[in-house]
Amino acid sequence: MNIIYSEVSKQFHLFNEEVSYIFKVLHNGHLCNLYYGSKLNHKDDFKNFYFESDLGATSYINDESKISFEYIRQEYSTFGCTDFTEGSYEIVQKDESYITDFKYKSHKIYDGKNKISNGDLPATFSNGDVKTLEVTLFDDKIGCELVLNYSIFKNKSVIARSTVVKSLKEEIKITRLMSSTVDFEGDNFELLQLEGAWIRERHIEKSKLRKGKQSIYSLRGCSSPQHNPFFALGKGEIKEYTGEVYGFNFVYSGNFLAEIDVNHYSNTRVNVGIHPFKFEANLKKGEVFETPEVILSYSNKGLNGLSQTNHKLIKENLMKNYELPPIVINNWEATYFDFDEQKLLNLAKKAKEIGVETFVLDDGWFGRRNDATSSLGDWYVNENKLPNGITGLCKKINDLGMNFGLWIEPEMVNKESELYKQKPDWAIQTPNRNMSQGRNQYVLDFANDEVVEYIYEKISNILNSCNISYVKWDMNRHITEGYSKTLQNQGLFYHKYILGVYKLMRKLTEQFPKIMFENCSSGGGRFDLGMLYYSPQIWTSDNTDPVDRLNIQEGTSIAYPLRAISNHISVAPNHQTGRKTPISMRANVAYFGCFGYELDLTKNDENELKLFKSQIEFYKKYRNLIIEGDFYRTTESGIKNNYCWQVVSKDKKESIVGAYQIKSETNELRKVIKLVGLNKDTQYCVTGFQQTFFGDELMNVGIPITKYFNGVSMNFEDMKESVENEGVYGICDYSSQIFLIKAI
Ligand code: GLA
C-alpha cells in the first residue's frame, strides 16, 4: 500500500497489491482522473493516459489549451466552466454568483486516517493498515479551501473518500457537496442496485447504463428500504466470479444521492453524497463543512470478489463493537403486544432448554403500550404487564442462565403519550401545516440537541437499571413535514437530524460498551454503513419467510457481511406471506447470518423442540466459521429457483454449503452443486457421501445430487418427514440441505 506524488508529472498514484487510482494536477491547477482499476506498476509519469482533444462545438477553458471539462475526466467536477453537468458541488457567493476556480494548493500524505471532525459521524478507521492523501484546492477570490480526502487500505481494494470545505474569508452558501466523484472512461457498464420496500428489502436489480442521468436516492430522512445506498458498476455484464466490478457504498444513514451520468462522449460520471435537495450549509469565515465518507471498492474477480472485499472492510475497519452474535429468542411474533411476566418467562424457559443464549423483549413493555397507538416516548415500564419492572424480569431471565435484551424506538413519539402532552413541539412538524402520521407515530426532532439529551437520559436510566446485554433499536416511520424550530437554516435539517441520531448512538455505545446493539427499521429499512458502525447487526427484514429471505439475504450479502445479517426462525404458515415451509428450510436459510428464533416455543411439540435444539448445537459449533469465513454465492445472483450459499474457513479446511430449491422440478436428471473457494489439491469428505473428493473435483464438477423420488424408490411419507426434519435438497418444493465439507 502506498501513495506516491511525482513532482515532475504532478501525478498522484494510490495503490496496493490489487488496485491503482491515479490522478494529476493539470496546468490550470484543476485535477483530472487518469485511471482507476487493477493495480499497475508504478511509474513517475503515466503521460499516455492523458490527452487533450480538439473537439467541435464545445468550449475550452482558455485560448492556449484544449482543456474542456466536457471530456476531461475530473476528480471533483466544477459546473459552469466548460462542464455542463450539475457537478460535484455548488458554492453560492455573496453576490449570488456560483462560478469557482479551485486550484491545487498543497497536499499531505500520512499513515493512518484522521477522524472526521464531527466525532459522531461514522467513518472507517485504521488498524495500522491505512494511508491517507489530503489534497487541498483553493479559490483565492472567495478565500475558500476544498479538501479531497483519499484513504487506501492494505490488502483490500478499497479507497475511502470524503470532502471538506473551509471558508477562510467570506460567507458562502453550499447547496451541493458530493463526498466523491469518479469519472470513468466509457459507458459499457451494468448497474447493480439493491431495491425494495418493507418486507421486500434489497432485491438485486441489474440494468445497462443509458445516456443521461440515472440515480438511486432517498429523501425519507433515512437510507430507506426503497433504495439501499450501495450500488455496483460492472464492466460489460456483472458476473459472480469474473470481470471488473466497482462498488460504491455511503457511510451515512440520512438522505443520499447516488447519481450516474453518461455523457455524449460516453464518459460515465458517478457522484455520491448527501442529497442536495433541501440541503444547504452556510459557512461564515473560519467555518468548516465535512461530508460523510464513501467507500469505493474494486474487484477484478467479479461480484463475489467485491462482496468479500466489502465484508472484510466492514468487519475490520468499520464495525466498532465487533464480536460474535448471540443466539436470541425474540418475543415479537410469539406474543406481539399481548404478554405479561409469566408468559415471557414461560417462553424464556423453553428457549433456555433448547440452548438459546439471549432473551429479547420486543415492543410493548413501556408506558401504557398495548398496541401501536400509544406510549412511544414514555420510557418507563408498564407495571400492569411487568409488576416487577424490567429489573425484576431481567433478573429472572439472568437466573435462568440467559442474557437479557430490550427493544427501544428512541426517535419516536405517539400523540397518545405523556411526552407528547408535555412537549408537543418536539415532534417534527412545519408550523401551521398538517402533520402526517405513520403507524400512529411521529418522529422526534433529533436536530434539536435538547431532545437528544432528554432521550439519552431516559434510555440510559433504563439500561443502567439492570443487566441488559442487548438492545434492539427500531425506527418505524420516515420523516414528513421536515422542519426544526431550533434551526435558523432549514437546509441543514435532515443532516442535523441524522447527526442527532448518531450522537445518541455514540453516547449510549460509549457508556455501555458491553451491550450489543442490533439495528432495525421496520426490518431492514436502514441497512447501511452508518448504522453498522454503531451496531454490528441489523434485523434484516420483518419478512421471516425463508423463500423470500433467499432473495433478501442474497441481495444483502452483496454489500454486507453475514455478521450484519440478523435472521430468525418463525412459524409456518408464515405471518407475512402465509407460506408453509419445512422447519429445515427455515433453519438452513437462517444459519447464514446471526441466528435466532421468533415464535412461541411453548406451542411447539417435543419433536420440534428437539429439532430446534439440534439446530442451535449446529450453529454454536459452526458460528465462528459462518461469521468469520469467506462467503460465496455459488450460483449467479438474481431471482431464481435454486440458490446455493457457501462459507469457507480461512485455512480452507472447512466449509458449509446451503442448497435450496424453491419449486420442485419434474423429471430432472440430477443436480450438481459446484463449489468454490476450496484448496484444489486437498481431499475433502462431504456429508452424505462415503467417498472423498479433491477440491478440484468439487470446484470443477461439484457435489452430485441424485434425486430420491422417481415414483418408486421412496415412500412419500418418508420423503416428507426427511424434508421437514433433516432437510433434503432437491426433492420437493422448499427443500434444502446443509452440506459439511471437511478436509481429511
Ligand atoms: C418493527 C420491527 C419488528 C418489531 C416491531 C415492534 O416492525 O421491525 O421486528 O420490533 O416493530 O413494533
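The values are calculated or read from the model by the stated rules, or taken from the named source; none is laboratory data. Computed from a prediction, not measured in an experiment: that's the story for all the values here. A quick note on method: Cβ atoms are made from the backbone with ideal geometry, for glycine too, and the neighbour counts reach across all protein chains shown.
Any residue in region 300-327 that is more than 26 Å from Phe512 (Cβ to Cβ) sitting within a Cβ distance under 6 Å of a residue that is assigned to a helix (DSSP H, G or I)? List the pairs, counting only those 6 or more apart or interchain.
Filtered contacts from region 300-327: Ser307/Ile558; Asn310/Ala559.
On the given criteria, is Val712 touching a helix residue (DSSP H, G or I) at 6+ places or on another chain (Cβ under 9 Å), at pLDDT below 90 and more than 25 Å from Asn624 (Cβ to Cβ)?
So Val712 does not fit the description; no.
Just name the residue that is nearest to Val360 (Cα to Cα) out of those in region 326-337 that are in a loop (DSSP other than H, G, I, E, B) and within 16 Å of the ligand (Cβ to nearest atom). Explain how you work it out, then say what you get.
Restricting attention to region 326-337, the residues satisfying the condition of being in a loop (DSSP other than H, G, I, E, B) are 326-327, 331, 336-337.
With the extra rule that they be within 16 Å of the ligand (Cβ to nearest atom), the set shrinks to 331, 336-337.
Numbers: Asn331: 7, Tyr336: 13, Phe337: 14 Å.
Looking at residues that are in a loop (DSSP other than H, G, I, E, B) and within 16 Å of the ligand (Cβ to nearest atom), I get Asn331.
Only one of Ser9, Ser59 is in a loop (DSSP other than H, G, I, E, B), modelled with pLDDT under 95 and hydroxyl-bearing (Ser, Thr, Tyr); which?
Testing whether each residue is in a loop (DSSP other than H, G, I, E, B), modelled with pLDDT under 95 and hydroxyl-bearing (Ser, Thr, Tyr) leaves just Ser59.
Filter region 298-318 for residues that are among the aliphatic types (A, V, I, L, M) and part of a helix (DSSP H, G or I) and give the result.
Passing the criteria: Leu303, Leu306, Leu313, Ile314.
Got a number for residues in region 136-152 being touching a residue at least 40 places away in the same chain (Cβ under 8 Å), more than 29 Å from Tyr534 (Cα to Cα), out of contact with any Phe, Trp or Tyr (no Cβ under 6 Å at 6 or more places or on another chain) and in a strand (DSSP E or B)?
The number of residues fulfilling the criteria is 1.
Can you confirm whether region 606-626 contains a residue that is more than 16 Å from the ligand (Cβ to nearest atom), part of a strand (DSSP E or B), touching a residue at least 60 places away in the same chain (Cβ under 8 Å) and surrounded by 18 or more Cβ atoms within 10 Å (Cβ to Cβ)?
no
For region 4-21, which residues satisfy the criterion of being of a type outside the set (Asp, Glu) and either under 18 Å from Asp101 (Cβ atoms) or under 28 Å from the mean Cα position of the chain (by Cα) (or both)? First the steps, then the outcome.
At the first step, the residues of region 4-21 found to be of a type outside the set (Asp, Glu) are 4-6, 8-16, 19-21.
Correct list: Lys10, Leu14, Phe15, Asn16, Val19, Ser20, Tyr21.
Of all residues in region 338-368 being part of a loop (DSSP other than H, G, I, E, B) and touching an Asp or Glu at 6+ places or on another chain (Cβ under 7 Å), which is nearest to the ligand (Cβ to nearest atom)?
Looking at residues that are part of a loop (DSSP other than H, G, I, E, B) and touching an Asp or Glu at 6+ places or on another chain (Cβ under 7 Å), I get Gly367.
Taking the criterion of being in a helix (DSSP H, G or I) and among the charged types (D, E, K, R), would at least one residue in region 567-584 satisfy it?
No: zero hits.
Condition first: in contact with a Leu (Cβ under 7 Å, 6 or more places away or on another chain) and either in contact (Cβ under 8 Å) with a residue 60 or more places away in the chain or among the charged types (D, E, K, R) (or both). Can you find one or more residues in region 22-36 that meet it? First the steps, then the outcome.
Taking region 22-36 as the starting set, the residues that turn out to be in contact with a Leu (Cβ under 7 Å, 6 or more places away or on another chain) are 22-25, 32.
Applying the additional criterion that residues be either in contact (Cβ under 8 Å) with a residue 60 or more places away in the chain or among the charged types (D, E, K, R) (or both) yields 24-25.
Within region 22-36, one or more residues are in contact with a Leu (Cβ under 7 Å, 6 or more places away or on another chain) and either in contact (Cβ under 8 Å) with a residue 60 or more places away in the chain or among the charged types (D, E, K, R) (or both).
Go through (1) buried (at least 20 other Cβ atoms within 10 Å of the Cβ); (2) within 16 Å of the ligand (Cβ to nearest atom) and name the single condition Ser484 misses.
(2)
If you take the residues in region 412-456 that are touching a strand residue (DSSP E or B) at 6+ places or on another chain (Cβ under 8 Å) and β-branched (Val, Ile, Thr), which one is farthest from Leu508 (Cα to Cα)?
This residue is Ile428.
I'd like to know if region 200-215 contains one or more residues that are under 16 Å from the mean Cα position of the chain (by Cα), crowded, with 24+ Cβ neighbours inside 10 Å and part of a strand (DSSP E or B).
Checked against the condition, which is being under 16 Å from the mean Cα position of the chain (by Cα), crowded, with 24+ Cβ neighbours inside 10 Å and part of a strand (DSSP E or B), region 200-215 yields no hits at all.
Tally up the residues in region 458-485 that are within 20 Å of the chain's Cα centre (by Cα) and over 20 Å from Ser522 (Cα atoms), please.
Residues in region 458-485 being within 20 Å of the chain's Cα centre (by Cα) and over 20 Å from Ser522 (Cα atoms): 0 in total.
Out of all the residues in region 318-333, which are crowded, with 24+ Cβ neighbours inside 10 Å and within 14 Å of the chain's Cα centre (by Cα)?
Listed by number, the list holds a single entry, Leu318.
Given the residues Ala572, Ala587, Ala564, which is the only one that is of a type outside the set (Ser, Thr, Tyr), within 16 Å of the ligand (Cβ to nearest atom) and out of contact with any His (no Cβ under 8 Å at 6 or more places or on another chain)?
After applying the criteria, what remains is Ala564.
Take Leu504 and tell me if it is under 22 Å from the mean Cα position of the chain (by Cα) and either crowded, with 17+ Cβ neighbours inside 10 Å or free of Cβ contacts under 8 Å to residues at least 24 places away in the same chain (or both).
Values: under 22 Å from the mean Cα position of the chain (by Cα): yes; either crowded, with 17+ Cβ neighbours inside 10 Å or free of Cβ contacts under 8 Å to residues at least 24 places away in the same chain (or both): yes.
Yes.
Under the condition of being of a type in the set (Ser, Thr, Tyr) and under 29 Å from Ala160 (Cβ atoms), which residue from region 17-72 is surrounded by the most Cβ atoms within 10 Å (Cβ to Cβ)?
Tyr21
How many of the residues in region 518-552 are part of a helix (DSSP H, G or I) and more than 16 Å from the ligand (Cβ to nearest atom)?
9
Go through region 374-405 residue by residue and tally those that are β-branched (Val, Ile, Thr) and part of a strand (DSSP E or B).
1
Here is a list of conditions, (1) over 25 Å from the mean Cα position of the chain (by Cα); (2) at pLDDT below 95; (3) among the hydrophobic types (A, V, I, L, M, F, W, C); (4) within 23 Å of Val547 (Cβ to Cβ), and Ile639 meets all of them except one; can you say which number that is?
(1)
Okay, residues lined up against (1) modelled with pLDDT under 95; (2) crowded, with 20+ Cβ neighbours inside 10 Å; (3) of a type in the set (A, V, I, L, M, F, W, C); (4) touching a Pro at 6+ places or on another chain (Cβ under 7 Å):
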{"residue": "Thr124", "(1), (2), (3), (4)": "no, yes, no, no"}
{"residue": "Asp140", "(1), (2), (3), (4)": "no, no, no, no"}
{"residue": "Tyr150", "(1), (2), (3), (4)": "no, yes, no, no"}
{"residue": "Asn155", "(1), (2), (3), (4)": "yes, no, no, no"}
{"residue": "Ile174", "(1), (2), (3), (4)": "no, yes, yes, no"}
{"residue": "Thr181", "(1), (2), (3), (4)": "no, yes, no, no"}
{"residue": "Asp187", "(1), (2), (3), (4)": "no, no, no, no"}
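So Asn282 clears everything in (1) buried (at least 23 other Cβ atoms within 10 Å of the Cβ); (2) under 22 Å from Ser179 (Cβ atoms) except one condition, right? Which one?
(1)
Do any residues in region 93-120 that are over 13 Å from Cys144 (Cα atoms) have Cβ atoms under 9 Å from those of residues that are exposed (fewer than 13 other Cβ atoms within 10 Å of the Cβ) and at pLDDT below 95, where the two are at least six apart or on different chains, and which pairs are they?
So the pair list comes out empty.
Looking at Lys315 and the list (1) closer than 30 Å to Ser20 by Cα; (2) touching a Pro at 6+ places or on another chain (Cβ under 9 Å); (3) surrounded by 21 or more Cβ atoms within 10 Å (Cβ to Cβ), which single condition is not satisfied?
Here Lys315 meets the rest and fails (3).
So, in region 426-458, how many residues would count as being away from the ligand (no atom under 16 Å from the Cβ), more than 11 Å from Gly377 (Cβ to Cβ) and either surrounded by 13 or more Cβ atoms within 10 Å (Cβ to Cβ) or not charged (D, E, K, R) (or both)? Spell out how you get there, then give the answer.
Keep residues of region 426-458 that are away from the ligand (no atom under 16 Å from the Cβ), which gives 426-436, 444-458.
Next cut, more than 11 Å from Gly377 (Cβ to Cβ) only: 428-436, 445-450, 452-453, 456-457.
The next check asks that each one be either surrounded by 13 or more Cβ atoms within 10 Å (Cβ to Cβ) or not charged (D, E, K, R) (or both); those that pass are 428-432, 434-436, 445-449, 452-453, 456.
So the count comes out to 16.
Could you tell me whether any residue of region 383-399 is touching a strand residue (DSSP E or B) at 6+ places or on another chain (Cβ under 7 Å), within 16 Å of the ligand (Cβ to nearest atom), more than 26 Å from Ile479 (Cα to Cα) and at pLDDT 95 or above?
Taking every residue of region 383-399 in turn, none turns out to be touching a strand residue (DSSP E or B) at 6+ places or on another chain (Cβ under 7 Å), within 16 Å of the ligand (Cβ to nearest atom), more than 26 Å from Ile479 (Cα to Cα) and at pLDDT 95 or above.
So, Trp407, is that one farther than 15 Å from Ala372 by Cα and of a type in the set (Phe, Trp, Tyr) or not?
Spelling it out, it is not the case that Trp407 is farther than 15 Å from Ala372 by Cα and of a type in the set (Phe, Trp, Tyr).
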